[in-house]
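The values are calculated or read from the model by the stated rules, or taken from the named source; none is laboratory data. Being a predicted model, the structure only gives us computed values, none of them experimental. Heads up, the Cβs are rebuilt from the backbone with ideal geometry, glycines too, and the neighbour counts pull from every protein chain shown. For accessibility, only protein heavy atoms count, side chains too; no ligands or nucleic acids. Shrake-Rupley method; radii C 1.70, N 1.55, O 1.52, S 1.80 Å.
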Amino acid sequence: MSEFYIGVMSGTSLDGIDIAYCQIKEHSFELLHSDKYSFDKEIKEKILKALKTPVTLKQIGELDTRLGKMYADTLERFISQKKIDKKQIAAIGLHGQTLWHEPDGDYPFSMQLGNPNVITAITGVSVISDFRRKDMALGGQGAPFAPAFHQYIFSRLKSKIAVVNIGGMANLSLLGENLMGYDTGCGNVLMDYWVSLHNSATFDEDGRWAKSGTPNSELLVQMLSEPYFLKKAPKSTGRELFNGAWLERELEIFLQKKGGTLHIKNRDVQATLLELTVSNIANEVKKNEVNLLIVCGGGVNNGYLMQRLGDVLRGVEVVSSDECGVSSEFMEAMAFAWLAHERVHKNCVKLSSVTGASKDSILGAIYE
């Protein structure tokens with residue numbers, strides 16, 4: 001029996017809204033339609049501001065509703081453009097926009113905004129959201145969730161496989177009988193920040209600016225001493241740690257060590273940040289017996305980043321998920337379509353080995 005689900009994802013990069021319309025059968029999964037839509041610039045600025053400065057409950061509530069309407073309007077556009085019959089859609093799987101993720105505090109929580117009630121009211125389709133908090137209530141990190149989908153979608157491959165999704169953050173899945181996965185650290189977020197600050201661009205296209213620079217090995221070693229990189233799994237992170245303030249502080253410490261006299265070129269900082277992302281991924285891959293690394297997410301489009309991963313991981317084949325027949329760009333949106341299917345069928349998602357939760361559980365809340 002075929003069922004149809006939509007997955008919606010907007011990640012820490014805040015670079016767009018990914019939507020995937022998927023057909024799921026008992027033993028198959030197919031991406032039928034997909035598209036990427038721009039993120040509302042005003043809402044993006046409000047999210048970035050909320051991450052840096054104190055906000056009121058009123059501002060958070062309004063942001064929740066505005067995000068819900070943004071998702072709903074985008075979904076309506078997608079459904080119309082792709083000529084999808086709403087009656088066929090079993091449910092929409094919505095990740096929501098993460099405002100804050102703090103799994104290791106005294107009172108662990110993860111906050112994703114984008115009111116699902118608004119979305120189901122506008123679209124007339126059931127929405128499944130709030131995937132992370134049940135896992136955290138059971139003592140888990142509430143992230144990453146992608147490993148469970150990676151295990152499902154790549155189970156046909158017989159290699160010793162790792163999958164890395166490089167978005168704002170980078171998360172690694174180690175597939176096999178004992179599934180593991182965790183956030184290795186920053187993905188594109190620091191590179192995007194630095195290029196927007198100095199080149200008036202939202203990202204470093206194909207890694208060209210980084211390639212024009214020379215990585216500073218001393219600065220790289222200093223940044224890799226960040227306690228998060230040394231921490232053992234299970235672990236997860238986000239903009240709460242890896243952000244512009246973190247980078248500026250690292251640069252200030254580095255220059256102070258040099259007596260404040262050293263000048264480092266902006267393009268060399270960019271080159272070092274690319275190596276930081278490569279290193280935090282490669283160091284983890286090397287700890288495991290892997291002969292195939294499948295890359296998905298926005299990082300796939302950075303040719304120089306992909307080249308450097310291949311250079312550093314000698315003996316490991318580095319490919320994009322597209323080469324394995326699975327969309328690299330819409331992997332996470334597809335994952336939330338699949339998670340919606342699992343929730344509708346009341347299936348436990350096997351993530352406790354990834355997140356550290358006390359048991360696997362049914363994840364997500366249904367908004368009819």
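Some notes on this structure:
- Of Ala340, Ala271, Ala335, all but one fail to be under 17 Å from Gln151 (Cβ atoms), hydrophobic (A, V, I, L, M, F, W, C), in a helix (DSSP H, G or I) and open to solvent by less than 10 Å² (accessible area, probe 1.4 Å); the exception is Ala335.
- Inter-residue pairs, beta-carbon under 7 Å, first in contact (Cβ under 8 Å) with a residue 12 or more places away in the chain and closer than 22 Å to Val127 by Cβ and in the range 315-343, second surrounded by fewer than 21 Cβ atoms within 10 Å (Cβ to Cβ) and charged (D, E, K, R), 6+ apart: His341/Glu3
- Some residue of the range 22-37 being free of Cβ contacts under 8 Å to residues at least 24 places away in the same chain, within 16 Å of Gly298 (Cα to Cα), out of contact with any helix residue (DSSP H, G or I) (no Cβ under 6 Å at 6 or more places or on another chain) and not charged (D, E, K, R): no
- When Thr56 is tested against (1) polar (S, T, N, Q); (2) under 29 Å from Ala245 (Cα atoms); (3) in contact (Cβ under 8 Å) with a residue 40 or more places away in the chain; (4) open to solvent by 20 Å² or more (accessible area, probe 1.4 Å), only condition (3) is not met.
- Test: residue in the range 349-361 that is free of Cβ contacts under 8 Å to residues at least 60 places away in the same chain, farther than 13 Å from Gly93 by Cβ, touching an Asp or Glu at 6+ places or on another chain (Cβ under 7 Å) and open to solvent by 10 Å² or more (accessible area, probe 1.4 Å): no
- Some residue of the range 161-171 being in contact with a Cys (Cβ under 9 Å, 6 or more places away or on another chain), open to solvent by less than 10 Å² (accessible area, probe 1.4 Å) and small (Gly, Ala, Ser): yes
- Test: residue in the range 260-282 that is more than 28 Å from Ile47 (Cα to Cα), within 23 Å of the chain's Cα centre (by Cα), of a type outside the set (D, E, K, R) and modelled with pLDDT of 95 or more: yes
- Residue tally, condition touching a helix residue (DSSP H, G or I) at 6+ places or on another chain (Cβ under 6 Å), of a type in the set (Val, Ile, Thr) and outside any helix (DSSP H, G or I), over the range 274-319: 2
- For Glu3, the test of being open to solvent by 40 Å² or more (accessible area, probe 1.4 Å), modelled with pLDDT of 95 or more and over 12 Å from Glu332 (Cβ atoms) is failed.
- Members of the range 59-82 found to be of a type in the set (Asp, Glu) and either buried (at least 18 other Cβ atoms within 10 Å of the Cβ) or in contact (Cβ under 8 Å) with a residue 12 or more places away in the chain (or both), listed by number: Asp64, Asp73, Glu76
- Of the residues making up the range 11-51, those that are in contact with a Phe, Trp or Tyr (Cβ under 9 Å, 6 or more places away or on another chain), open to solvent by 10 Å² or more (accessible area, probe 1.4 Å) and not hydroxyl-bearing (Ser, Thr, Tyr) are Asp15, Asp18, Gln23, Phe29, Leu31, Leu32, His33, Asp35, Lys36, Ala50, Leu51.
- Residues in the range 274-300 that are among the polar types (S, T, N, Q) and either out of contact with any Leu (no Cβ under 7 Å at 6 or more places or on another chain) or in contact (Cβ under 8 Å) with a residue 60 or more places away in the chain (or both): Thr277, Asn280, Asn283, Asn288, Asn291.
- Within the range 174-203, tally of residues that are surrounded by 21 or more Cβ atoms within 10 Å (Cβ to Cβ) and touching a residue at least 60 places away in the same chain (Cβ under 8 Å): 14
- Sole exception among (1) within 24 Å of Phe203 (Cα to Cα); (2) open to solvent by 60 Å² or more (accessible area, probe 1.4 Å); (3) in contact with a Phe, Trp or Tyr (Cβ under 9 Å, 6 or more places away or on another chain) for Gln307, by number: (3)
- Which numbered condition Thr74 misses (of (1) of a type in the set (Val, Ile, Thr); (2) at pLDDT below 95; (3) part of a helix (DSSP H, G or I)): (2)
- When the range 116-139 is filtered for residues that are assigned to a loop (DSSP other than H, G, I, E, B), within 26 Å of Glu3 (Cα to Cα) and open to solvent by 30 Å² or more (accessible area, probe 1.4 Å), the ones remaining, listed by number, are Gly124, Asp130.
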